[in-house]
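Working notes for the structure below.
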Amino acid sequence: MLKNKKIVLGITGGIAAYKSAELIRVFVKAGAEVKVIMTRNATEFITPLTLRTLSRNPVATDMFDAAQPYDMAHIALADWADAFVIAPATGNLIGKIASGIADDLLTTTLMAENKPTLICPAMNDKMLANPFLRENLRKLAGTGYRVMQSDVGELACNVTGAGRLPEIPEILDELEALLTVQDFTGHKVLVTAGPTQEPLDPVRYITNYSSGKMGYALAKAAHQRGAKVTLISGPTKIAPPKVETVIFVRTAQEMHRAVMDACSKASVIIKAAAVADYRPRVTAAEKIKKDRGLAGVELVCNPDIIAAIGAKKKRGILVGFAMETQDLLDNARRKMTRKNMDMIVANNLCDKGAGFEADTNIITILDRFGGCAALEKMTKQEAAHRILDHILSLKMKKGPAGKK
Ligand code: CTP
């Protein structure tokens, strides 16, 4: 999403300035072109040479430096950028923007620009709690700046509290969101992800290979596009995306309860979870010993969660998944009809580059109006956006009743 985007990174004088080197590397790796402006204090913490090398662009530090490559740098950089990121943003810099002060190259450029701008505050916890600073942050957020929350953790001043620079992947996610069309604003999206685990006894359970990657990608993409997202996840080994609500469950029955509680508020429901079809009728209280064997274990059917939502009259757009190993489209279409879905995302487990653990997927999107879109191999994150695009087009077809 950052491919070919032009990012101006503003760096101010706080200890977290050393992290800007990694931030540039991550932006460049994501395909962005990065130009850096440093305040004079920032150059005390990290050298312009380091950042010039990583960004492969000159680093601007001074309004009046005759040797700098830009003619009227503040205007040139303001016009050039697609977006600004200020990381770390000190209390001083935040106060200056909020008060309309432009007394160096960075603040003057910020006054001259009208592009999406992400502010990443980082400072000591007491400074962050300062009432004038809080007021200034509110001012920025209220005038269109996107202000990230500082992380809580160990600070450079040897205390633990709020004030750490947000983690670099989170800054990347936030910047991507800032550059993404907010076409899901006003929508409440419910996503399920991951496998369920059905316990046999205290040491064993039945599950499947689902990694949760596709569901998490969908939750993240919907959040980036402005939706309020509730993610209901089975146990996975990966960190969930930052969305409004994350509910962790273990079994299909727990997922069923959580989904039924949340689904009436959702305008879009995406069931990407790989729900275990069966569970042991009884979970043994003690470990089942080998000599007893498993022959006595009786399996019973789990509730079909998506079918239960499909049977409800009032519901939003309902999207399911079908992972098949044969007759992909016929099986998927049958599932969509049987469970009263609006759309189903079909993929073949046998295709190279598709399936549970992969970071890519090869999907075909089918909908109740006969639409069928076979997509080439792409990352699960890209696939998530294509699925959301299709959901929006479906909402148009469904008319006002299918809106929000
Ligand atoms: N699903 C569900 N609850 C279940 C089983 C499946 O909500 N107990 C949902 C999945 O989240 C998915 C869709 O139904 O969106 C299709 O899942 P799949 O396992 O392919 O469907 P099954 O009906 O179990 O069909 P199969 O016979 O292929 O196992």
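Every number in this text was worked out from the coordinates using simple rules, so none of it is lab data. Model, not experiment: these values are computed from the prediction. Here the Cβ positions follow ideal geometry from the backbone for every residue, glycine too, while neighbour counts run over all protein chains shown.
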Going by amide H atoms built from the backbone, whose H comes under 5 Å of the H on VAL36, apart from near neighbours? LEU9, ALA60
Relative contact order computed over the range 6-178 (Cα-Cα under 8 Å; 6+ residues apart), in percent: 22 percent
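May I ask what percent, to the nearest 5, of DSSP beta bridges between residues of the chain are antiparallel?
Working: 20 of 63 bridges.
Around 30 percent of the beta bridges assigned by DSSP in the chain are antiparallel ones.
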Would you give the gap between the C-alpha center of the range 328-376 and the C-alpha center of the range 269-319, rounded to a whole Å? 22 Å
Partner aspartates and glutamates whose C-alpha sits under 13 Å from that of LYS6, ignoring same-chain residues fewer than 8 away, are GLU33, ASP79, ASP82, GLU176
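What's the exposure ranking of SER393, SER99, SER233, going from fewest to most Cβ atoms within 10 Å?
Lowest to highest Cβ neighbour count: SER99, SER393, SER233.
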Model label zone, LEU349; criterion: amide N under 14 Å from point 7 Å along Cα-to-beta-carbon; scope the range 185-199: 195-196
What are the residues whose amide H is under 5 Å from the amide H of THR360, where those residues sit 5 or more places off or on another chain and H is modelled from the backbone? LYS380
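Would you kindly work out the equivalent ellipsoid of the chain from its C-alpha gyration tensor and give its semi-axes, the square roots of five times the eigenvalues, largest first in whole Å? If you can, show how the numbers build up before the last one.
Working: eigenvalues 431, 119, 75 Å².
Semi-axis lengths for the chain are 46, 24, 19 Å.
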Order by neighbour count: ASP79, ASP104, ASP62, fewest other Cβ atoms within 10 Å first, most last. ASP79, ASP62, ASP104
Report the residue, chosen from LYS35, LYS228, LYS289, that carries the largest GNM mean-square fluctuation when the chain is represented by alpha-carbon nodes joined by springs under 10 Å. LYS289
Counting Lys and Arg as +1 and Asp and Glu as -1, each charge on the Cβ, what is the dipole of the range 6-178 about the Cα centre in debye, to the nearest 20? 100 debye
Once you list every other residue whose beta carbon is under 12 Å from the beta carbon of ASP277, what net charge do they have if Lys and Arg are +1 and Asp and Glu are -1? -1
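How much of the DSSP bridge set in the range 6-178 is antiparallel, in percent, rounded to the nearest 5?
20 percent
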Taking K and R as +1 and D and E as -1, what net charge do the other residues with C-beta under 15 Å from the C-beta of SER150 add up to? +1
Reach of LYS96 by Cα under 14 Å, taken over aspartates and glutamates that are not fewer than 8 positions away in the same chain: ASP104, GLU135
